[in-house]
Amino acid sequence: MLSRVADSLYWMSRYMERTDGILRMLRINYASSQDDIQEFSWKPVLRIFSYVDEEGATKMAHNTRAVLQYMVTDRENSNSVLNIITRARENARSVQDHITKELWQCLNDFYHTIRDEKLNHDLQREDPISILDILIKQGLLYFGTLDVTMARGEGYAFINIGKYLERGVQSADILDVKFSDMNYDFTKTDTTYWKYLLLSISGYELYLKTYRSGFDAKNVVEQTVLNEDFPRSILYSAGQLHRYFERLKGERNQEAFRHIDFMIGKIKSKVRYSTVESIMAQGLHTYLNGIKDDLYQVGIALNQHYFAYT
Amino acid sequence: MHTSELLNSYTVDPGTWDEMYSDLAVRGQYKGVVDFMQQMSIEELNKKEELAKRLFMSQGITFTVYSSGEGIEKIFPFDIIPRIITAAEWKYIEEGIRQRLKALNLFLKDVYTNQFILKDGIVPVEMVYSCPHYLREMHGFHVPHDLYVHIAGIDLIRDHDGTFYILEDNLRTPSGVSYMLENREITKRLFPDLLPGNNVRSVTEYPNILHRNLVSLSPRQTAHPTVVVLTPGIYNSAYFEHTTLARLMGVELVEGRDLVIDNHRVYMKTTAGLQQVDVIYRRVDDEFLDPLVFNPDSMLGVAGIMSAYRKGNVAIVNAVGNGVADDKAIYTYVPAMIRYYLNEEPILKNVPTYQLGHADEREHVFASMQKMVIKKTNESGGYGMLMGHTASDEEISRYKMEILKDPRQYIAQPIINLSSAPCYMNGKLKPRRIDLRPYALCGPDGIQIVPGGLTRVALREGSLVVNSSQGGGSKDTWVLAG
């Protein structure tokens, strides 16, 4: 496979995973902003998913419609869903002969949907949940089409490598920002705070089933980092990343493979052999930052050994 | 309103060949479609038109127009009523094109090797050497199977009495074939059962034939040669076509930056290292192909590719330097080439053409500018063209000044009326002028022409210019089986 094609598939996939993360986060935070909880602020969302400065974030912190517009349809915000989808589509466009026609059409439709002026208008006037749901479903259509139609070749491996690397980074980010927002105070027991955090990463129901004794910050960390069955956990993401990377093993390029395989294996082991206690002992922030760094290093190595074409 | 009324409102322009009507009776080949349309209401037809637009948009069969830093997706206008060609007409066109391509290919071989045709004075030497597309880099080099033209898109038009004329031979990187394929797909969606009911020949073989031909050109004796399509990239207006062809043939779509030359061989950069490339169907113009040989500023090509080509380590399709054969001034000599190389009379006629480089012909043209269309010999896409009957006196005199600066660069042709075909416009059928571009594929086993092509249509009322850059659209093109 052409290096350029692998690169484009990888980024198409990362952008789509990011889109899904942003949309879910917005949807739940919107619900939370309508709930009767103390001091709701959009700041953490803006910190995780955009480059807006402190002043801008403070200004928007309590203006729900402004945040939605900024995060979804703003053309100036390079991390708005509109711009991310545009980039995902540009990547897909340049590899149309490597993804199925259905997948391309699905992404292309997503692009036309999000650029529709009416959608922007409705986002300002109508029920935002309905609008976000339209977009989330368009994303799910992408994931489903990918699963049902794409051949399980090298391209599929790169798509999944991008997806799980992005997801790992995202989960670490979300956890870190949410905890920093309450100064890593593990004694905080505000039930709604944890509930909305878990809802935003689709982990609420699993939490209820796993921990029957109410909300505990430690358990939230445990599930988000260490639960192997939780598809948004860092452990799961690292595992999948490894699984799909292993498919690239072949006759040629063995040295590069071994190098990156070692890096990913190390991340996986690092997470697998952590406990909540060991994480807290070295500090949650330090721990999550370390994981994020390691994941970024994998991205850089992939770029160097597999995607370099210019 | 019912569609029978819609047909009644159709009036053929005087002095024009209409593809659907002759003496106000529907021609046999259109009966099936006309009957079908008459069963539909305006609302239904409008819905079909909407559906067509949506399908083009959703499949990304679009080109991007950049304004204020933002890309806007546009679709190439499509008219829902097919253009229909009878079996007899097709047989004639097919034979004519085959004959013409045979001669043009021989001309290219000759002009880059022995130059018999120049020595015998059939084509003036200065005509060839003054052509910017005549490339000395190609001289004395034998291309595989002596094939220069692998893919041709020859433009045909019809005069008031229905005679077909060759308007242009496109032998470099003719585009539009994806529209031939996609327009057919759209018709299948718009009008269920209409195609099989009318005995329309299929066009789907095109990518298979092309792929077979490309594989057969591989210089390396290997079971699975690496064939690629070389595109200038996603910002090219024909990018959709490049990706469609790569997909339909199951080959890699590469950009110049994906390729690298080592020891006069072409390689592509893959995730598993370098992989040798055997055949390149390039959609990059000669000028940009190799910065070491041609335009040194080109970012679209591959440095050193010409040396690999001349060493015979890679096949390039179409051959480099074909522009000398589809030059608008050389065009005049194609009938002479057919007589010279094949000893046959040309089947398809040329449009009478005046060389403005010749003083007497220029004077004749200058005296009757209103009846002429003037074209630059090395431009395409309807750029740099003057239509005498619509131009103002001022435009004409300004254009004359331009011509006098370098008359070799211009030709003139009497304005041909172009046949008309019905188009669906705002609930009515209107005659609009059309041309025809069939696509011919030449391989070691001969010339094959897929029964169909691209019908371009001038959507503006009264316009004779069908180029997409000048407000043209397209139609699905049916060739009927017997």
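The values are calculated or read from the model by the stated rules, or taken from the named source; none is laboratory data. These numbers come from a predicted model, not from an experiment. Glycine gets a Cβ as well: all are built from the backbone with ideal geometry, and neighbour counts include every protein chain shown. Heads up: the accessible areas ignore ligands, DNA and RNA and are worked out on the full protein's heavy atoms, side chains in. Shrake-Rupley method; radii C 1.70, N 1.55, O 1.52, S 1.80 Å.
Things worth noting here:
- Distance violations [Cα-Cα > 30 Å] among A:LYS218/A:LYS270; B:LYS109/B:LYS376; A:LYS43/A:LYS163; B:LYS53/B:LYS328; B:LYS119/B:LYS328: B:LYS53/B:LYS328
- A loss of 40 Å² or more of accessible area (1.4 Å probe, protein heavy atoms, ligands and nucleic acids excluded) relative to the isolated chain is seen in these residues of the stretch A:3-27: A:ARG4.
- The spacing between the stretch A:53-132 and the stretch B:389-410, judged by their C-alpha centroids, is 50 Å.
- Cleavage-rule hits (trypsin sites (Lys or Arg not before Pro)) in the stretch A:240-299: DSSP loop, at most 12 neighbouring Cβ within 10 angstrom: A:LYS249
- Peptide A:85-98, shielding by other chains (average Cβ, 10 Å cutoff): 4
- Rg(Cα) / (2.2 N^0.38 Å) computed for the stretch B:130-240, rounded to two decimals: 1.41
- Estimated FRET transfer efficiency when R0 is 51 angstrom, pair B:ARG136-B:SER397 (beta carbons, to 0.05): 0.85
- Ranked by the mean number of other Cβ atoms within 10 Å of their residues, highest first, the peptides A:228-240, B:105-117 come out as A:228-240, B:105-117.
- Theoretical ellipticity at 222 nm over the protein assembly as shown - DSSP helices of four or more residues, -39500 (n - 2.57) apiece, nearest 500: -14000 deg cm²/dmol
- Between B and A, buried accessible area from a 1.4 angstrom probe totals roughly 2700 Å², ignoring ligands, DNA and RNA.
- Note on B:224-235: average number of Cβ atoms from other chains within 10 Å of each residue's Cβ is 1.
- Calculated FRET efficiency for the pair B:SER58/B:ALA87, C-beta based, R₀ 22 Å, to 0.05: 0.05
- Extents of the stretch A:20-114, taken as max minus min of Cα coordinates on every principal axis and listed largest first, are 51, 25, 18 Å.
- In the stretch B:281-324, trypsin sites (Lys or Arg not before Pro) in a DSSP loop with at most 13 other beta-carbon atoms within 10 Å: B:LYS311
- Percentage relative contact order, chain B, counting C-alpha pairs under 8 Å, at least six apart: 23
- With Cα atoms as the point set, the stretch B:157-201 shows a radius of gyration and Dmax of 15.0, 37 Å.
- Number of partner chain Cβ atoms within 10 Å, mean per residue of B:48-61: 2
- Heavy-atom accessible area per residue - the protein assembly as shown, 1.4 Å, Å²: 41
- Fraction of alpha-carbon pairs over 31 Å apart in chain B - percent: 46
- Across the stretch A:90-116, no residue has a backbone nitrogen under 15 Å from the label position 7 Å along the beta-carbon direction of A:ARG252.
- Karplus-based coupling profile of the stretch B:205-222, in residue order and whole Hz: 6, 3, x, 5, 5, 4, 4, 4, 4, 5, 4, 5, 8, 4, x, 8, 7, 8, with θ = phi - 60° in 6.51 cos²θ - 1.76 cosθ + 1.60 and x standing for Gly or Pro.
- For the protein assembly as shown, the Rg and Dmax computed from alpha carbons only, in angstrom: 31.3, 102
- Accessible carbon and sulfur surface of the protein assembly as shown relative to its total accessible area, %, 1.4 Å: 49
- Computed with the Debye formula from one identical point scatterer per Cα of the stretch B:350-443, without solvent, the log10 of I(q)/I(0) at q = 0.25 Å⁻¹ comes to -1.31.
- Evaluating 6.51 cos²θ - 1.76 cosθ + 1.60 at θ = phi - 60° for every residue in the stretch B:390-396, the Karplus couplings come out as 10, 6, 7, 4, 5, 4, 5 Hz, glycine and proline recorded as x.
- Taking amide H atoms as placed 1.01 Å from N in the peptide plane, the amide H of B:ILE84 lies under 5 Å from those of B:TRP478, each 5 or more residues away in sequence or on another chain.
- Whole-Å semi-axes of the stretch B:389-451's equivalent ellipsoid (Cα gyration tensor): 34, 27, 8
- Alpha-carbon geometry of chain A: the Rg and the Dmax are 19.5, 60 Å, given in that order.
- Kirkwood estimate for the stretch A:112-240, i.e. one over the average of 1/r between Cα atoms, Å: 16.9
- FRET efficiency, 1/(1 + (r/R0)^6) with R0 45 Å, evaluated for A:HIS62 and A:GLU228 via beta carbons: 0.70
- Label point 7 Å beyond Cα of B:THR16 along Cβ direction - residues of the stretch B:459-482 with amide nitrogen under 17 Å: B:459-467, B:471-475
- Sorting the segments B:411-420, B:262-271 by their mean number of nearby beta carbons within 10 angstrom, highest to lowest, gives B:411-420, B:262-271.
- When the GluC sites (Glu not before Pro) in the stretch A:230-281 are filtered for DSSP coil states and for at most 13 other beta-carbon atoms within 10 Å of their beta-carbon, the remaining sites are A:GLU251.
- When B:PHE164, A:PHE186 are compared by accessible surface with a 1.4 Å probe, the order from highest to lowest is A:PHE186, B:PHE164.
- Simple spin-label estimate for A:ASN303 and A:THR100 in nanometres, 7 Å along Cα-Cβ: 3.2
- With 0.36 nm allotted per residue and the present C-alpha distance subtracted, the A:GLN124-A:THR191 stretch has 21.1 nm of extension available.
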